[in-house]
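Here is the structure we will look at, set down as C-alpha cells.
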Amino acid sequence: MTRIYLAFAVLLAAMLALAFFPQSLPHTALPYAWGGLTAVAVLFLAYFHRRVVRPLHVIGNGMQLLREQDFSSRLHSVGVPETDRIVEIFNQMMHKLREERLQLLERNRLLDLLVEVSPMGVAMLDFDGRITALNPAAMQFLECKADYQGKTFADLPGDLAQRIAAQKDETTETFSMSDAHIYRSTRSSFIDRGFNHPFVLIESLTHEVMDAEREAYGKVIRMISHEVNNTVAGVSSIMETVGDELQALPGTEELCTALQACVGRSMEMSAFIKRFAEVVKLPEPSLQPMPLNSLVTANLQFLESLCHTHDISLRTSLCTEDPEVRMDVAQMTQTLVNIVRNAVESIADQERTDRLGEVVITTTADPLTLTIADNGAGIAPEAEPKLFSPFFSTKPNGNGIGLLLSREVLTRHQFRFSLKTGADGITRFRIQF
C-alpha cells in the first residue's frame with residue numbers, strides 16, 4: 001500500500017510540473033482543466049494519506065511494540081473512527097499485558113524469595129541431570145559451595161549427594177546418614193513450555209525424628225527407672241539385713257557371699273538404669289569458652305588409662321593455634337570419654353595379629369574440628385545409618401547408651417558430627433564446631 005502511495009505521489013509531482021509550465025502547452029482550456037485535476041489529485045492524496053497510509057503506519061508501530069515486548073508504550077489516535085477503534089483495543093491489550101507481566105514478575109519474585117529462605121532444599125536440574133540452581137538450604141544439606149553448576153549429584157563429595165544420585169526419578173526416599181541426620185528426598189519434574197524440567201526437594205527430618213524418639217524412649221526409661229529403682233532399693237536393703245544376721249551364725253559363709261553378690265548385682269542394675277536416666281535428664285548445655293586443646297589435655301591421663309588397660313596406644317596431634325570453643329565442659333568431657341571408650345572397645349573386640357591397636361586424637365583450626373580415630377574392627381556400611389539410633393549397638397553386649405548420649409550432647413551444642421569407617425579401614429568420629 002505504501003508503494004502505491006509513493007507511485008501516486010510521483011505521478012502527482014509530474015502533473016504539477018506540467019501544470020506550472022503552461023507556456024509549453026497551447027493556449028486553450030486544457031491547462032486549466034489540468035490544474036483542476038491536479039488540485040483534485042492533491043486533495044485525494046491527502047485524504048488517502050490520512051485514511052490509509054497513516055493508520056497503516058500506526059498499526060505497524062503497534063506491531064513493532066509487540067515484537068519488542070514494550071508493553072508500557074501506547075498508540076495515539078489518528079482521527080479515523082475505524083483505526084481509532086483498533087488503537088483503543090490495542091492500547092487496552094497492551095495495558096492488560098503490562099499488568100499481567102507485572103503480576104507474573106511479582107509472583108516470580110515472591111517464589112524466588114520463598115525458595116531462597118525455605119528450610120527445604122531445592123535443586124533445579126537440566127535435561128541431562130546437571131545442577132543449574134541450588135537454594136541455601138540445599139547447599140547446606142549437600143555440603144557444597146558455589147561451584148556446583150554443571151555438575152551432577154554424583155560429582156558432589158557429600159554422602160547425601162551420592163544417595164540422591166542413585167535415586168530413581170519420580171520417587172521419594174528417606175536417608176539416614178552417618179552423622180545422625182535424616183533426610184527425605186523427592187525427585188520430580190514440572191512442565192514448562194511443553195518440556196519436563198526435573199528438580200529435587202530435600203527435607204531435613206532430623207529434629208522431628210529425634211523429638212519423637214526422645215519422647216518415646218523418655219517415657220519408657222522413666223517407667224523402667226521408677227520400677228527398677230524402687231524394687232532394687234527394697235531388695236538390696238532386705239538382703240543386706242539378712243546378710244548381717246547370717247554373719248553371726250556358723251556355717252553361713254557361702255550364703256553370705258551369695259547375698260553380697262546379689263547386692264552387688266543389684267547396685268550394678270541401679271547404675272545401669274541411672275545411665276539410661278541420664279539421657280532423659282540431660283540439661284541444656286551451659287556454654288563457656290574453652291580452648292579445644294585444653295579439653296583434650298585435661299582428660300589425657302584418664303584417657304591413657306582407658307587405652308593402656310587393653311594395650312592400646314593413645315596418640316595426640318593438636319593444632320598450634322589452640323582455638324576456643326563455647327561448650328559445656330562437663331558434657332563435652334563425658335562425650336570425649338564415651339567416644340574414646342567406644343574406640344577402645346572396638347579395638348579390643350578385634351583379633352589383631354598384624355598391627356598394634358591405636359587411638360589418635362586430632363584437632364585442627366581450619367576447619368575447627370576434633371577427630372578421634374581408631375584402627376579397630378570398623379563399622380559395616382549397613383550399620384552406619386543406625387549408629388545413633390536409640391539403644392542400637394554393634395557390640396554383642398552393648399546397650400547403645402554411649403552414642404545416644406553423645407548425639408544428644410552434640411546436637412544440643414549444635415555441633416556437626418559424623419562416625420564412619422573410611423576406605424583406609426580407619427574409623428573416625430569427627431566433631432566440627
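General observations
- Extension gain, Glu82-Cys319: 0.36 nm per intervening residue step, less the Cα-Cα distance, totals 76.8 nm.
- In this rough spin-label picture, where each label sits 7 Å from Cα along the Cβ direction, the Thr333-Leu111 distance is 5.6 nm.
- Zone residues, segment 354-381, relative to His308, backbone N less than 18 Å from point 7 Å out along Cα-to-Cβ: 357-361
- When the C-alpha to C-alpha distance is required to be over 24 Å, the pairs from Lys395/Lys420; Lys219/Lys274; Lys281/Lys420 that qualify are Lys281/Lys420.
- Peptides ranked, highest mean first, by Cβ atoms within 10 Å: ranges 138-149, 60-71: 138-149, 60-71
- Were the residues from Leu104 through Ala154 laid out at 0.36 nm apart, the gain over their Cα-Cα distance would be 14.5 nm.
- Cα-based shape type of segment 302-433, given that a ≥ b ≥ c are square roots of the gyration tensor eigenvalues and the cut on a/c is 1.5: oblate
- Partner lysines for Lys168 [C-alpha distance under 22 Å; skip if fewer than 8 residues away on the same chain]: Lys151
- Gyration tensor verdict on segment 208-319 (Cα atoms; rounded if a/c is under 1.5, prolate if a/b is larger than b/c, oblate otherwise): oblate
- Net length gained if the chain between Ala365 and Asn229 were fully extended (0.36 nm per residue, minus Cα distance): 44.4 nm
- Here segment 129-153 is scanned for amide nitrogen atoms under 17 Å from the site 7 Å beyond the Cα of Arg193 along Cα-to-Cβ, giving 132-133.
- Centroid-to-centroid, using Cα positions, segment 211-231 and segment 362-433 are 25 Å apart.
- Calculated FRET value between Ala261 and Asp349, using beta carbons and R₀ = 30 Å, to 0.05: 0.65
The numbers here are math on the coordinates, done by the rules we state, and not lab data. None of the values given here were measured: they were computed from a predicted structure. Cβ sites come from the backbone with ideal geometry, for glycine too, and all protein chains shown count toward neighbours.
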